[in-house]
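J.: Sending over a structure as structure tokens; questions will come in a sec.
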Amino acid sequence: MTALEHPARRADGPGRPPRRVPFPVVDEVARHCLQEEEPETVHIEVHLPGTPDADRLKAAFGEALRRHPRILVREARGPWYRRRYEWELTEGPDVEVVTFPAPVPDALKRARERALCDAPPLTASPPIRLEVVTDADGDSSVLFLTINHTALDGPACLRVLATAAELYGGRDNAPAAPPTRTPVSADASGAPAHGPSGLPSPWAAPARVARGAPERAPAARPGVPGTGLSGNGMLVAELPVPRRPKGAPYTVNDQLMVTTALMIAHWNHEHGSKPRPLRITMPVDDRPRDMTMPIGNGTRLVEVPFGAGELLPEGSAGRSGPDGLGPEEIHALLRRTSDRTRALKALLRPQLGHGAALLTAPVLPVTMRAAVTRGLRRAAGPWTSTTLLSNIGRVPYALDFGDAGAATAVWFSAPARMPRGLTVTTASTAGRLHLALRWSRTLLSPGDGAHLRDLFEHYLRATQDLHPTPEDDGS
């Protein structure tokens, strides 16, 4: 049942209150745990070879919002003793959604900073904003979508942007067919068909990303709010899509998963952390990409485990951490990772697990449930996964804006709040992999991010050096 089909209070006709729908589980948990210091935003930036016309883009994006009405929401007011948060569905935007900042020299940098530090409010519909940043000559542009993750996720907003592109340019932006995957058997329990025994217990606390050299917070000044570190830092990079042989039992997503695990293992090894198992959260999105795609937070989260011995083998003294893994060991690790991701994707479970569904049951007022949820989140911090890898895969839409051109690059980034403190987001467009590393500024610095990027690139090459001939760039 989608949000619009929910038997919520429905209002039609002039003078009646807006329709309301209860917060789904994901939205409510996110709403309970909001922090001003590290806003939960999703950022999308789409690079175009030209610049769209302001009036036409505003009209196209406004019409796209109306064609996907579930995006036109704001948080409804209610008494403290209410049992649910509710969204109000509005007929149109409450605020100007599309803006064109002045083309100053640091416009791109400033737009990224705003996307990481300034979340669109939940009290105004829709909880997103679109900024069009042009270069000084006006020859090219970047569309910056900033999303309040309490209400929406990146793939849903990309679907809305694809609709806007089609309305603006008049060209087909239907999604491309997803890549196929070689079927490999798993047993009925969802366990991998093969792989090493002794995987870490799900109850064991996983490794944390070792602390780097974070920026120093500005000295607090009496009576001046906002001093201190806030938001996230981010670095984006463009890399080749990793090669793999056609028909390989693993996917590009598995290569990215292994690359992320080896990157963190190497980073922690360099910083003297004791080897520990890793768990990497992976969003799984089963929604269609056409106009029927449900809008909202539609992914479910699974956790992919890695044993410490898989990434830092015993007897590797004298070898440079994960660099001690040879080609055969990396190939075996890719196969095991493929088994795990396939089995986890096949499991049927609630988006955030059964515990979250219990926490959000409308038994107590939301204020009481919020206090319990925040307390449990703090207590469960040591058991939070090491990091999150969100691989969008091939961007399924052309994002062709007619006279402004089709997208040449698309970057996403997911929130990187502590205790994870680091997220890895990837997407591919025009045969290139677009990587975004995003981190908590209390954990890492821009220099740390640059080193992590270098490690990521190094281990991404290691997952493909076994197969020097490019044959497939599917994800």
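The values are calculated or read from the model by the stated rules, or taken from the named source; none is laboratory data. Keep in mind that what you see is a predicted model, and the values were worked out from it rather than measured. Cβ: placed from backbone, ideal geometry, glycine included. Neighbour counts: every protein chain shown. Just the protein is used for accessible areas: all its heavy atoms, side chains included, with ligands, DNA and RNA removed. Shrake-Rupley method; radii C 1.70, N 1.55, O 1.52, S 1.80 Å.
J.: Would you mind finding the one in 394, 432, 461, 453 that is closer than 30 Å to residue 205 by Cβ, open to solvent by 20 Å² or more (accessible area, probe 1.4 Å) and not aliphatic (A, V, I, L, M)?
T.: Working: 394 fails: closer than 30 Å to residue 205 by Cβ; 432 fails: closer than 30 Å to residue 205 by Cβ; 461 fails: closer than 30 Å to residue 205 by Cβ.
Of the residues listed, the single one that is closer than 30 Å to residue 205 by Cβ, open to solvent by 20 Å² or more (accessible area, probe 1.4 Å) and not aliphatic (A, V, I, L, M) is 453.
J.: Would it be correct to say that residue 221 is open to solvent by 70 Å² or more (accessible area, probe 1.4 Å) and either in contact with a Lys or Arg (Cβ under 9 Å, 6 or more places away or on another chain) or modelled with pLDDT of 80 or more (or both)? Full working, then the answer.
T.: Working: open to solvent by 70 Å² or more (accessible area, probe 1.4 Å): yes; either in contact with a Lys or Arg (Cβ under 9 Å, 6 or more places away or on another chain) or modelled with pLDDT of 80 or more (or both): no.
Criteria not met by residue 221.
J.: Consider region 328-369. How many of its residues are in a loop (DSSP other than H, G, I, E, B) and of a type in the set (D, E, K, R)? So that I can check it myself, show each step before the final result.
T.: Narrowing region 328-369 to residues in a loop (DSSP other than H, G, I, E, B): 347-353, 360-365.
Of the ones still in play, those that are also of a type in the set (D, E, K, R) are 349.
Residues that pass the stated criteria total 1.
J.: For region 46-61, give me each residue that is part of a helix (DSSP H, G or I) and either in contact with a Phe, Trp or Tyr (Cβ under 7 Å, 6 or more places away or on another chain) or surrounded by fewer than 16 Cβ atoms within 10 Å (Cβ to Cβ) (or both).
T.: 54, 55, 56, 57, 59, 60
J.: Would you confirm, using the coordinates I've provided, whether residue 390 is under 25 Å from residue 303 (Cβ atoms), assigned to a loop (DSSP other than H, G, I, E, B) and within 18 Å of the chain's Cα centre (by Cα)? Give the derivation first.
T.: Values: under 25 Å from residue 303 (Cβ atoms): yes; assigned to a loop (DSSP other than H, G, I, E, B): no; within 18 Å of the chain's Cα centre (by Cα): yes.
Against the criterion (under 25 Å from residue 303 (Cβ atoms), assigned to a loop (DSSP other than H, G, I, E, B) and within 18 Å of the chain's Cα centre (by Cα)), residue 390 does not qualify.
J.: Still on this structure: Mind counting the residues in region 108-141 that are closer than 16 Å to residue 54 by Cβ, surrounded by 19 or more Cβ atoms within 10 Å (Cβ to Cβ) and more than 19 Å from the chain's Cα centre (by Cα)?
T.: So the count comes out to 5.
J.: So, residue 105, is that one modelled with pLDDT under 95 and open to solvent by 50 Å² or more (accessible area, probe 1.4 Å) or not?
T.: yes
J.: Now for a separate question. Assess whether residue 387 counts as being modelled with pLDDT of 95 or more, surrounded by fewer than 17 Cβ atoms within 10 Å (Cβ to Cβ) and among the β-branched types (Val, Ile, Thr). Can you show your working first?
T.: On the way: modelled with pLDDT of 95 or more: yes; surrounded by fewer than 17 Cβ atoms within 10 Å (Cβ to Cβ): no; among the β-branched types (Val, Ile, Thr): yes.
Against the criterion (modelled with pLDDT of 95 or more, surrounded by fewer than 17 Cβ atoms within 10 Å (Cβ to Cβ) and among the β-branched types (Val, Ile, Thr)), residue 387 does not qualify.
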